[in-house]
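The values are calculated or read from the model by the stated rules, or taken from the named source; none is laboratory data. Just so it is clear, the structure is predicted and the values come from calculations on it, not from any experiment. Cβ placement follows ideal geometry from the backbone for every residue including glycine, while neighbour counts extend to all protein chains displayed. When the accessible area is computed, the model is the full protein with side chains, heavy atoms only, and any ligands, DNA or RNA have been set aside. Shrake-Rupley method; radii C 1.70, N 1.55, O 1.52, S 1.80 Å.
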Amino acid sequence: MITPDALGYLPETPSQTAGPFVHIGLIPRQAGFDIFDNNLGTITLSPEIKGERIRIEGRIFDGTGAVIRDALVEIWQADSFGRFNHPADDAPGPRDAPFRGWGRTGTDFETGTWSFATIKPGRVARRHGGGSLAPHILIWIVARGINLGLLTRLYFEDEAAANAEDPVLRLIEQPERRRTLIARRAPGDGNAYVFNIHLQGAEETVFFDV
Amino acid sequence: MLGVRLMTGDDFIQRDLAAHPLPISPGYKTSMFRGPTRPPLSLKTSMADLTGPVFGAEELGARDNDLILNYAKEGLPIGERIIIHGRVLDGNARPLRGVLVEIWQANASGKYRHRNDGYIGTVDPNFGGCGRCLTDRDGRYVFRTIKPGPYPFRNKINDWRPAHMHFSVFGHGFAQRLITQMYFEGDPLIRHDSILNTIPDEAARDRLVARLDLAASAPLDTLAYRWDIVLRGTRATVFENKLQGN
């Protein structure tokens with residue numbers, strides 16, 4: 001049914017928008033009903049999980065400056081040792097096995113706010129070339145009007161030294177665009193970081209093709 | 001077939017963006033406000049992209065992939081009973097085992113069970129419209145469900161969606177993450193669909209159309225459709241100098 005090319009490779013299945021009703025399949029409670037015994041995507045922060053408890057939150061803005069209230073947001077991150085809960089991250093060293101590192105939520109239908117309670121990830125060793133990356137969280141968003149899921153990275157305002165030497169941030173040519181990836185400490189709440197995403201416009205967030 | 005590879009750990013082959021929809025497609029109006037205008041920044045595969053959540057069978061329920069039964073309250077849902085099955089492969093034609101496949105859809109009258117769906121179609125009390133499963137050791141997934149109905153949506157004033165299923169798929173790495181839609185062979189609305197037509201390449205659009213699979217149907221009971229999903233493949237490390245990267 002899918003024809004390989006002359007070398008035997010198969011073409012990737014094309015993306016399509018998640019549409020306005022993505023909640024039904026991925027977070028059915030937000031759609032308004034209960035169907036599964038186990039709802040996936042909640043980050044469990046049991047007491048044995050190590051690391052600084054933080055909250056990350058934000059809103060997503062369209063090209064007119066309006067808040068998007070029907071998006072789905074997923075995050076993927078390392079544990080407090082900078083390790084990913086996956087067999088490909090197989091280097092020796094400490095890791096925090098109970099921490100999955102994946103979460104999923106919807107933007108609020110009224111306010112457009114999304115948020116996750118999680119832990120601050122540690123620095124991740126570079127795969128090539130030695131050294132480490134600044135703490136970061138992958139953020140993936142899909143919604144009506146988004147034809148291919150958008151991948152970005154959240155970095156932390158209070159990791160200025162690590163950010164300054166991070167190879168991904170340094171690849172961004174324009175300093176003002178680099179700032180679109182830096183989450184700010186929420187005023188008056190020491191454990192919360194604000195990360196707003198702009199899909200278009202002067203403050204358009206840097207998205208990645210990896 | 002394309003060099004020796006461990007199950008995990010190799011870089012992904014770069015995405016062929018020409019086989020995907022354009023981020024901004026004038027025929028799909030909402031994308032004009034929501035699609036990024038600047039090119040994405042291309043990166044080498046980092047550990048965050050190479051890895052992703054791993055799901056276990058114990059996290060799912062026995063009927064999660066049977067949409068005919070997983071929300072049945074006082075009877076069975078109304079509509080054409082169908083099986084949708086296929087394989088999840090990577091771009092190297094290898095089956096992806098144990099990956100999470102999630103689906104959602106409208107019911108037979110084209111109505112979603114969703115607080116924001118204002119269409120006149122009728123909510124079916126026995127149909128939730130979502131399901132999920134893990135692929136087996138050959139990369140196979142299967143769902144039993146009701147064929148969704150077409151429905152209108154606000155874009156042009158007479159735009160209709162062909163019958164379709166929404167699919168969300170995880171690979172082994174987060175860079176393989178994909179959400180898409182599957183259509184049904186022979187549906188005359190397919191060629192008019194403003195959403196499908198965001199994909200400029202005709203061959204790519206055709207890869208989203210499931211084929212009737214009579215051989216997999218349950219006689220006197222349920223028709224079957226077959227649809228295979230391909231996630232990005234990995235680059236075979238045939239010969240390589242160590243490069244600086246991330």
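Across segment A:165-197, what is the total count of residues that are in a helix (DSSP H, G or I) and of a type outside the set (Asp, Glu)?
Going residue by residue through segment A:165-197, those that are in a helix (DSSP H, G or I) are A:167-171, A:175-181.
Next, only the ones that are of a type outside the set (Asp, Glu) stay: A:167-171, A:175, A:177-181.
Number satisfying all stated conditions: 11.
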Counted residues in segment B:16-56 being part of a loop (DSSP other than H, G, I, E, B), under 30 Å from A:PHE81 (Cβ atoms), facing chain A (nearest Cβ under 7 Å) and not hydroxyl-bearing (Ser, Thr, Tyr) come to 5
Search result, residues across segment B:95-113 that are touching a Ser or Thr at 6+ places or on another chain (Cβ under 9 Å), within 19 Å of B:CYS133 (Cα to Cα) and within 12 Å of another protein chain (Cβ to nearest Cβ) = B:PRO95, B:LEU96, B:GLY98, B:LEU100, B:VAL101, B:GLU102, B:ILE103, B:TRP104, B:GLN105
Considering residues of segment A:83-101 that are open to solvent by less than 20 Å² (accessible area, probe 1.4 Å) and more than 9 Å from every other protein chain (Cβ to nearest Cβ) only, the residue nearest to A:THR118 (Cα to Cα) = A:PHE99
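Just to check your reading of the model, which residue among A:ARG127, A:ARG179, A:ARG144 is surrounded by fewer than 22 Cβ atoms within 10 Å (Cβ to Cβ) and more than 8 Å from chain B (Cβ to nearest Cβ)?
Values: A:ARG127 fails: more than 8 Å from chain B (Cβ to nearest Cβ); A:ARG144 fails: more than 8 Å from chain B (Cβ to nearest Cβ).
The match here is A:ARG179.
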Kindly establish whether B:SER46 is open to solvent by less than 10 Å² (accessible area, probe 1.4 Å) and farther than 30 Å from A:SER132 by Cα.
-> no
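With open to solvent by less than 10 Å² (accessible area, probe 1.4 Å), more than 10 Å from chain B (Cβ to nearest Cβ) and not hydrophobic (A, V, I, L, M, F, W, C) as the only criterion, which of A:THR118, A:THR113 stands out?
Numbers: A:THR113 fails: open to solvent by less than 10 Å² (accessible area, probe 1.4 Å).
Sole residue among the options that is open to solvent by less than 10 Å² (accessible area, probe 1.4 Å), more than 10 Å from chain B (Cβ to nearest Cβ) and not hydrophobic (A, V, I, L, M, F, W, C): A:THR118.
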Given the conditions (1) touching a Phe, Trp or Tyr at 6+ places or on another chain (Cβ under 8 Å); (2) surrounded by fewer than 22 Cβ atoms within 10 Å (Cβ to Cβ), every one holds for B:ARG140 apart from (1)
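Can you work out which of the residues in segment A:1-36 that are among the hydroxyl-bearing types (Ser, Thr, Tyr) and surrounded by fewer than 20 Cβ atoms within 10 Å (Cβ to Cβ) is nearest to the other protein chains (Cβ to nearest Cβ)? Even if it seems obvious, please write down each step before you answer.
Initially, segment A:1-36 is screened for residues among the hydroxyl-bearing types (Ser, Thr, Tyr), giving A:3, A:9, A:13, A:15, A:17.
Keeping just the survivors that are surrounded by fewer than 20 Cβ atoms within 10 Å (Cβ to Cβ) gives A:3, A:9.
Values: A:THR3: 9, A:TYR9: 5 Å.
It comes out as A:TYR9.
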Could you please give the count of residues in segment A:147-160 that are buried (at least 22 other Cβ atoms within 10 Å of the Cβ), touching an Asp or Glu at 6+ places or on another chain (Cβ under 9 Å) and farther than 13 Å from A:VAL210 by Cβ?
-> 1
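Yes/no per residue for (1) at negative phi; (2) hydrophobic (A, V, I, L, M, F, W, C); (3) open to solvent by 10 Å² or more (accessible area, probe 1.4 Å):
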residue: B:GLY118; (1), (2), (3): yes, no, yes
residue: B:THR122; (1), (2), (3): yes, no, yes
residue: B:ASP136; (1), (2), (3): yes, no, yes
residue: B:ARG144; (1), (2), (3): yes, no, yes
residue: B:LYS147; (1), (2), (3): yes, no, yes
residue: B:PRO152; (1), (2), (3): yes, no, yes
residue: B:LYS156; (1), (2), (3): yes, no, yes
residue: B:HIS164; (1), (2), (3): yes, no, no
residue: B:PHE167; (1), (2), (3): yes, yes, no
Within segment B:160-173, identify whether any single residue is modelled with pLDDT of 95 or more and more than 13 Å from every other protein chain (Cβ to nearest Cβ), and answer yes or no.
-> yes
